[in-house]
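Structure first, then comments.
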């Protein structure tokens, strides 16, 4: 199947430059070029594209309007902004309709890498309907209590960026969305940000107010989802796993970046559950009933949707360009650690999940712990169990 990308810009020189940069990819990508939004829509009506990359400032229909129309009519298309605009208003308009923001001038390696990452994501979820749904998401489901606290704080005359960071850190959707934005080319930071509090500080109160109060970027869980899934309980478990994964990494002297990625992956591990429950509340209610009756949750999800929450979460985070080790750890967090255990982000998150589940008396987890205890990682496992117990992390 041919992979197709569409590039949209009203400047012919820009399109010519992109065409030259992408010549090495001509065997794997079929690229089309449109001088405006109307021409782009005409091409989309006759060809299926995997990726659309557009400038923001164009006459007539601008980039944000074009991406909104693409999201409505072709929800499975990955939508990317390539623009020299850096005003807050442009960013607020783009963030709700785009998955990534690339800055002009964009070098060849960055552009090629973006397209290659799109191929990897495409292979992550085989079910086209699931892929379309996740790709079409424009708002992130947020816990009502957290959303209300955030709005109240932003509207307060004594609003504090420190309190904002603390509130944001209590919700997976908020954390993921803010990290997506702060790590985009719009900010051009020299190193990746993995802390919600740091992201809030870098975004600033003005942009946060625009995003939350007027941008339409965040939405709340409906009452039906809150009743069926209990997102607060999901988030509480993710927080336990995240804290323990980071603690295990610190204990093994894995390095600050790896430990922070493990913490972020632990927090994000079940965001796919939240997305599925928010998008298909009735069907997911049946999935939860099957899980309660003894069917493994991921098996029930696959039966109902053709994908499980780990794949959905990893796909969403991949669209938003979170770190590759975090995406991989989310994709494989439901597996138990393989032996011999490696000290990487995925293993730390898997081990933390296992120990938290065992502490909650999950029979399958207890059996897996017993198997690991009889293998080459017995000594390390015993240290980790003791660490989890003495710190109250599991």
Could you check the range 288-357 for helices (runs of 4 or more DSSP H) lying wholly inside it with 2 or more residues that are under 15 Å from residue 122 (Cα atoms) and within 23 Å of the chain's Cα centre (by Cα)? 309-319, 324-331
Test set (1) assigned to a helix (DSSP H, G or I); (2) under 17 Å from residue 116 (Cβ atoms) - residue 41 fails condition number: (2)
Looking at (1) free of Cβ contacts under 8 Å to residues at least 40 places away in the same chain; (2) farther than 23 Å from residue 312 by Cα, can you tell me which one residue 80 breaks? (2)
Quick check, is residue 262 at pLDDT 95 or above, surrounded by 22 or more Cβ atoms within 10 Å (Cβ to Cβ), assigned to a helix (DSSP H, G or I) and touching a helix residue (DSSP H, G or I) at 6+ places or on another chain (Cβ under 8 Å)? yes
What are the pairs, 6+ residues apart or on separate chains, where a residue within the range 225-237 that is within 13 Å of residue 297 (Cβ to Cβ) and outside the structural domain of residue 276 (by TED's automatic domain parsing) has its Cβ under 8 Å from a residue that is at pLDDT 85 or above and buried (at least 16 other Cβ atoms within 10 Å of the Cβ)? none
Give the range 14-37 a look and list any residue that's touching a helix residue (DSSP H, G or I) at 6+ places or on another chain (Cβ under 7 Å), in a helix (DSSP H, G or I) and free of Cβ contacts under 8 Å to residues at least 40 places away in the same chain, or say none. 37
Quick one: is residue 102 assigned by TED's automatic domain parsing to the domain that holds residue 16, in contact with a helix residue (DSSP H, G or I) (Cβ under 7 Å, 6 or more places away or on another chain), modelled with pLDDT under 90 and more than 23 Å from residue 209 (Cβ to Cβ)? yes
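Give me the residue from the range 362-394 that is in a loop (DSSP other than H, G, I, E, B) and at pLDDT 90 or above and, out of that set, surrounded by the most Cβ atoms within 10 Å (Cβ to Cβ).
377
The values are calculated or read from the model by the stated rules, or taken from the named source; none is laboratory data. Please read these numbers as outputs of a predicted model, since none were measured by experiment. Neighbour counts run over all protein chains shown; Cβ positions are idealised from the backbone, glycine included.
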